[in-house]
Amino acid sequence: MPVWAALPDGPPPTLATAWTLSPWTLLPLLLAVGLYATGCVRRWTHTGVGRADLVATGAFACGVLTVLLALVWPLDAFAAYALSAHVAQHMTLLALAPPLLLAGRPGTVIAATVAGDRVARRPLPRWLDGAATALAPATVAHVGTMLAWHLPAATSAALASEPVHRAMNASVLLAGLWFWSAVWRRLRARDGGAVGGLVALVTAMMMMGFLGALLTFAPRLLYPAYSDRTLLLGVDPARDQQLAGLLMWVPSGLPYLAVGLVLAVSLLRRLEPEPEPARRARD
């Protein structure tokens, strides 16, 4: 019997039972949230709370909530039965949670908790900073991870093996964090970088749109591992595959589009001719 034919034990989940309380997920999340909260309290005690601090903390909290939605409740449980939930889970980990988490400046805050404010204010070593924000390899990893885990064989392997399933979710989240870290650097750069960021965002959107269109208009089922599983939820497998394609095609591209517009505006401002008084003052 093929690996994909094995069905999960027990009844399919409902919204009340769709909890995935895995220590592999909960312990790292609790550790990250604890370190971040400690760092925030320490910084606010010494420097006060500003509007930027509240915005950053709110963004990080929203990022944690999206990770919980993807890995704890309810998407992870439903992803074992429906391709649309599988796609929604991956798009959440790849395109939504990472920019929200990074907007909270977790590296600086957690470093202040672990090593103190003085160490946290030091810049990263050049090689480490360059690797963490290298846009080209981050884009390749981002797109490659998305495509690789949506191959039917890879999806079947993740459904059949819990370790493969955990590795899949971890790699998707890490690829998202790497990509958005590199894009975030382009957003903050004052000396250019917008063009590279736009190319990376458009590339990711195009590949995501291509795969979404393929799923939406495919004349047959591409993921036989989900055929019987989807029926257990009372959903037609063909409609489920179409919904998965639409989710990947349209709403998943919105974060890329929003950040791309910000980069485009930044680029246009740099291309505007400098006002004559400012040019004279500079000269």
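For the range 1-117, please list each of the helices (runs of 4 or more DSSP H) lying entirely inside it that holds at least 1 residues being under 25 Å from residue 224 (Cβ atoms) and among the hydroxyl-bearing types (Ser, Thr, Tyr). Even if it seems obvious, please write down each step before you answer.
Numbers: elements: 23-47, 51-71, 75-78, 83-91, 97-103, 106-115.
Per the criteria, 83-91.
Just checking, how many residues over the range 8-38 are among the aliphatic types (A, V, I, L, M), surrounded by 14 or more Cβ atoms within 10 Å (Cβ to Cβ) and more than 20 Å from residue 106 (Cα to Cα)?
Of the residues in the range 8-38, 1 are among the aliphatic types (A, V, I, L, M), surrounded by 14 or more Cβ atoms within 10 Å (Cβ to Cβ) and more than 20 Å from residue 106 (Cα to Cα).
With 199, 195, 183 as the choices, which residue is out of contact with any Lys or Arg (no Cβ under 7 Å at 6 or more places or on another chain) and over 13 Å from residue 139 (Cα atoms)? Give the derivation first.
Details: 199 fails: over 13 Å from residue 139 (Cα atoms); 183 fails: over 13 Å from residue 139 (Cα atoms).
Among 199, 195, 183, only 195 is out of contact with any Lys or Arg (no Cβ under 7 Å at 6 or more places or on another chain) and over 13 Å from residue 139 (Cα atoms).
Go through (1) free of Cβ contacts under 8 Å to residues at least 12 places away in the same chain; (2) more than 19 Å from residue 93 (Cα to Cα); (3) part of a helix (DSSP H, G or I) for residue 220 and report which single condition fails.
Here residue 220 meets the rest and fails (3).
Take the range 102-154 and flag every residue that is among the polar types (S, T, N, Q), at pLDDT 90 or above and more than 12 Å from residue 182 (Cα to Cα).
We begin by selecting, within the range 102-154, every residue among the polar types (S, T, N, Q); these are 108, 113, 133, 139, 145.
Cutting the leftovers down to at pLDDT 90 or above gives us 139, 145.
Hit for the range 102-154 is 145, nothing else.
Buried (at least 22 other Cβ atoms within 10 Å of the Cβ) and farther than 30 Å from residue 223 by Cβ - does that describe any residue in the range 53-67?
Scanning the range 53-67 turns up at least one residue that is buried (at least 22 other Cβ atoms within 10 Å of the Cβ) and farther than 30 Å from residue 223 by Cβ.
Here's a check for you: in the range 164-202, which residue that is over 18 Å from residue 93 (Cα atoms) and surrounded by fewer than 16 Cβ atoms within 10 Å (Cβ to Cβ) is farthest from the chain's Cα centre (by Cα)?
So, considering only residues that are over 18 Å from residue 93 (Cα atoms) and surrounded by fewer than 16 Cβ atoms within 10 Å (Cβ to Cβ), the one farthest from the chain's Cα centre (by Cα) is 191.
Could you list all residues from the range 134-151 that are among the β-branched types (Val, Ile, Thr), surrounded by 19 or more Cβ atoms within 10 Å (Cβ to Cβ) and farther than 14 Å from residue 173 by Cα? Give the steps one after another, and end with the answer.
Just the residues of the range 134-151 that are among the β-branched types (Val, Ile, Thr), to begin with: 139-140, 143, 145.
With surrounded by 19 or more Cβ atoms within 10 Å (Cβ to Cβ) added as a condition, the list becomes 139, 143, 145.
Once the filter is applied, which keeps residues that are among the β-branched types (Val, Ile, Thr), surrounded by 19 or more Cβ atoms within 10 Å (Cβ to Cβ) and farther than 14 Å from residue 173 by Cα, the range 134-151 yields nothing.
The values are calculated or read from the model by the stated rules, or taken from the named source; none is laboratory data. Quick caveat: nothing in here was measured; it's all calculated off a predicted structure. So basically every Cβ, Gly included, is an ideal-geometry build from the backbone, and we count neighbours across all protein chains shown.
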